[in-house]
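Worksheet: the structure to be examined is printed underneath.
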Amino acid sequence: MGLLTEGEPLSWEETKKLSEHVKKHGIIQFINLYKKLRDRQGDVLKWGDEVEYMIIKFDDNNKTAKLSLRSDEILAKLNEKEEADPSGVKCLWRPEFGAYMIESTPGQPYGGLSAHFNIVEANMKYRRQEAMEQLQPNERIITFTNFLRLGCPNSTDPTSKPTPNSGYQRSLFLSDDAVFPGHPRFKTLATNIRQRRGEKVIINVPIYKDENVPSPFREDLRALGDDGSSEKVAKDDHVYMDAMGFGMGCCCLQVTFQASNIQEARTLYDQLTPFCPIMLALTAACPVYRGHLTDIDGRWFVISNSVDCRTRGERGLEPLKENERKIRTSRYGAVESYLSEQGAKYNDVPLLYDEEVFKQLLDNGIDRLLAQHVAHLFIRDCVCLMSTQLDQDDEVDTNHFENIQSTNWQSMRFKPPPPNSSIGWRVEFRPCDVQLTDFENAALVCFIVLLSRVILSYNLNLLIPISKVEENMTRGVKRDAVNTEKFWFRKDITSTADKSQSIEEEYGEFTVNEIINGKDGVFVGLMPLIVSYLNNMNIDADTHCTVQRYLKLIQKRAAGKLMTTASWLRKQITTHPDYKKDAKITEQINYDILKKVYDIQTGVQSCPELLGFCTTSKTTESVPTAIVNAIK
Ligand code: GLU
Ligand code: MG
């Protein structure tokens, strides 16, 4: 989850005072970096995935499944291999926000060979195995977007009580012990976001109004130690949450690509932006929050609210104080402006930035689109600053820039090359909820990478006004959005823009099925384009077979022939014998579902309604020698 620098974090008061210093130098660092690297050319396609996991402790006698707060210990073990041989390991392990979370990436990025599509899943399987070796007998590693009883009593091992009047989060529900303790970044972010905001974060998710959910649904927060501040903001008929951990404690799947140059990175960033909400709907895996079934299917806005550090004035609830401006969005959210020339005319939401910073960027030769993007990132204060990081050499360091960049959690991230490295300009695709199996996660990763290749090779144009993308994000997390929602999408993505058309005529509303699979005579569909691209590609038989199976899965999910993880979870809950139609996830339901999830992940149980009947691929651990030799 971003920059992990050494040192002791400064208090919020100190950080606040130094925020302008960080921003001032961050911008200079970006300018210096840009000047050195804007003409960098010829980087090859490299890509990789990031998977976030949670560690569960099962107690089969008492039928409980809890979050095991041991990721610090487990990571120390997992990192030994990398410490001994940094470039020789098959995967890398990193901390995440939760003390029960770990994150991993492949040891080396994948490249431009089609055979690389066939090693993604094997690598994911290997990672699970490697992690399993460090777990205790009752612990299991799972890819699951949100723990069903996160923040419910007795949901962690060891048990730990929330501390509403002290600590970092001050939650009525979630203990600070659930925040990763091994690096100060995480607790510092939680503290500083809360302090900057001036109050706890507020997350209200509509509850699923099943027959026995009281009307209105309202919990007794005073009984949990609330001083009245939570009661005031908790909405009727909503599941109320009050801590960063409820959002950043969720797990996702991300994909990063290296582009051949900055121009290509800008194109990919823009072209994939309208696709983010479609992927929210297609990967939806998160209908449950704090032990309650809710009326949404995805994590996106929960995380957004969980790190919303805006003050009351900035949120438009109070008159502005000195140096404050109204800010439309949280620092976790959808992309707010396109970066390519082609995208410029679709930038229709008011973008907030500091005029002086913008001008400074322009004066240093940065074009308007990139300048406004960077200046917009820099409206956010620094919310985590290490004592060792104050004075940097702006010619060589980029930590101040990275500090602000890595706490802007957008649906896409535009990443400049790190200084003095062999890495080029990159973009990161960030919207997907993580899926249960390696098969599904690998399928999504390959699909997204293939889509990026098709966009570039066929010169596709997916652009629509950014305000419509924003609207789509809210549609993407709705209950069963794949089957019930329509999304704004560009009607003709294959021809160059028809100049006689107005922007409004360029887009219409489509279902996910239409967008992915196409609709005769109306919309070409992304999948047929990918299939045609693959047909023109030199691809070995095994990889071909694997990719076909991955694409089938996605086609069927889009068509509603297979369930999304969220729909499947809803069904598991509402048909569980212990379920009382009260939207509550009991310990028994939690245990049974997680057991099943684990069995599905490990292939012990099949799950045709979620995965279909064809859930194995021909994935292999490495690219076969014959293929490597053939291209030499
Ligand atoms: N866990 C966060 C999410 O689900 C992402 C954190 C990160 O940027 O790695 O979106
Ligand atoms: Mg992460």
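The values are calculated or read from the model by the stated rules, or taken from the named source; none is laboratory data. The model shown is predicted, which means the values in this text are computed figures rather than measured ones. Cβ placement follows ideal geometry from the backbone for every residue including glycine, while neighbour counts extend to all protein chains displayed. The area values use the complete protein model at the heavy-atom level, side chains included, leaving out ligands, DNA and RNA. Shrake-Rupley method; radii C 1.70, N 1.55, O 1.52, S 1.80 Å.
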For this session: Specify whether the C-alpha gyration tensor of the stretch 512-632 places it in the rounded, prolate or oblate class, a ≥ b ≥ c being the square roots of the eigenvalues: rounded for a/c under 1.5, otherwise prolate if a/b is larger than b/c and oblate if not.
Result: oblate
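State the percentage of accessible surface on the chain attributable to carbon and sulfur atoms; use a 1.4 Å probe and exclude ligands, DNA and RNA.
48
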Exercise. What net charge is computed for the residues neighbouring Ala443, neighbours being all others with C-beta under 12 Å from the C-beta of Ala443, Lys and Arg scored +1, Asp and Glu -1?
Worked result: 0
Exercise. Between Lys161 and Arg325, what is the FRET efficiency for a Förster distance of 41 Å, r being their Cβ-Cβ separation, to the nearest 0.05?
Worked result: 0.60
Exercise. What full-extension length gain, to one decimal in nm, is calculated for Asp236 and Asn408 as 0.36 nm per residue of separation minus the Cα-Cα distance?
Worked result: 58.8 nm
For this session: List nothing, just return the count: lysine pairs in the stretch 209-363, 8 or more apart or interchain, with Cα separation under 24 Å.
Result: 7
Exercise. Which whole-number percent of Cα pairs in the stretch 169-211 have a distance greater than 12 Å?
Worked result: 68
Problem set entry | Solvent-accessible area of Asp157 with every protein chain in place, 1.4 Å probe, in Å² to the nearest 10 | 50
Problem set entry | Formal net charge of residues neighbouring Ile455 (Cβ-Cβ distance under 13 Å; K, R +1; D, E -1) | +1
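Would you kindly state how much longer the chain becomes between Glu609 and Arg222 on full extension, computed as 0.36 nm times their sequence separation minus their alpha carbon distance, in nm to one decimal?
Length gained, Glu609 through Arg222: 135.1 nm.
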For this session: Between Thr311 and Asp578, with labels modelled 7 Å along Cα→Cβ, what's the label distance in nm to one decimal, could you check?
Result: 4.7
Exercise. Roughly how many whole Å is it from the C-alpha centroid of the stretch 61-86 to that of the stretch 451-487?
Worked result: 37
For this session: On each of the three principal axes of the Cα atoms of the chain, give max minus min coordinate, whole Å, ordered largest first.
Result: 62, 60, 56
Problem set entry | Distance in nm between pseudo-label sites at Gln588 and Glu356 (7 Å out along the Cβ direction from Cα) | 6.4
Seminar exercise, completed: For the stretch 556-596, using Cα atoms only, the Rg and Dmax in Å read 11.6, 34
Exercise. Hey, if you drop one equal point scatterer on each alpha-carbon of the stretch 574-621 and run the Debye formula without solvent, what base-10 log of I(q)/I(0) do you get at q = 0.15, 0.16, 0.24 Å⁻¹?
Worked result: -0.53, -0.58, -0.92
Exercise. Span-like helices, the chain: DSSP H, alpha-carbon axial extent 27 Å or more, mean Kyte-Doolittle 0.0 or greater, which ones?
Worked result: 438-457
Problem set entry | Cβ-based net charge around Ser68, under 13 Å, with every Lys or Arg adding one and every Asp or Glu removing one | -2
Exercise. From the Cα gyration tensor of the stretch 1-84, with a ≥ b ≥ c the square roots of its eigenvalues, which class applies: rounded if a/c is under 1.5, or else prolate if a/b is larger than b/c, or else oblate?
Worked result: oblate
For this session: Report, to two decimal places, the Cα Rg of the stretch 1-40 normalised by 2.2 N^0.38 Å (N = number of residues).
Result: 1.52
Problem set entry | Computed lengthening from Ser421 to Glu318, 0.36 nm per intervening residue step minus Cα-Cα distance | 32.5 nm
Exercise. Do the sum for the chain: with -39,500 (n - 2.57) for every DSSP H run of n ≥ 4, divided by all residues, what is the mean residue ellipticity at 222 nm, to the nearest 500 deg cm²/dmol?
Worked result: -11000 deg cm²/dmol
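Express in % the proportion of alpha carbon pairs of the stretch 459-532 at distances exceeding 17 Å. Provide the component values of the computation, followed by the final result.
Values: 1218 of 2701 pairs.
For the stretch 459-532, the fraction of Cα-Cα distances above 17 Å is 45 percent.
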Exercise. Taking the stretch 54-99, which GluC sites (Glu not before Pro) meet the DSSP loop condition and have no more than 10 other C-beta atoms within 10 Å?
Worked result: none
Exercise. How many nm is it between the label spots at Thr625 and Val396, if each spot is 7 Å from the Cα in line with the beta carbon?
Worked result: 4.3
Exercise. Taking the alpha-carbon centroid of each part, what is the distance from the stretch 384-435 to the stretch 224-287 in angstrom?
Worked result: 18
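Take each of the peptides 536-542, 330-336, average the number of other beta-carbon atoms within 10 Å over its residues, and list them starting from the highest.
Highest-to-lowest ranking by the protection proxy: 330-336, 536-542.
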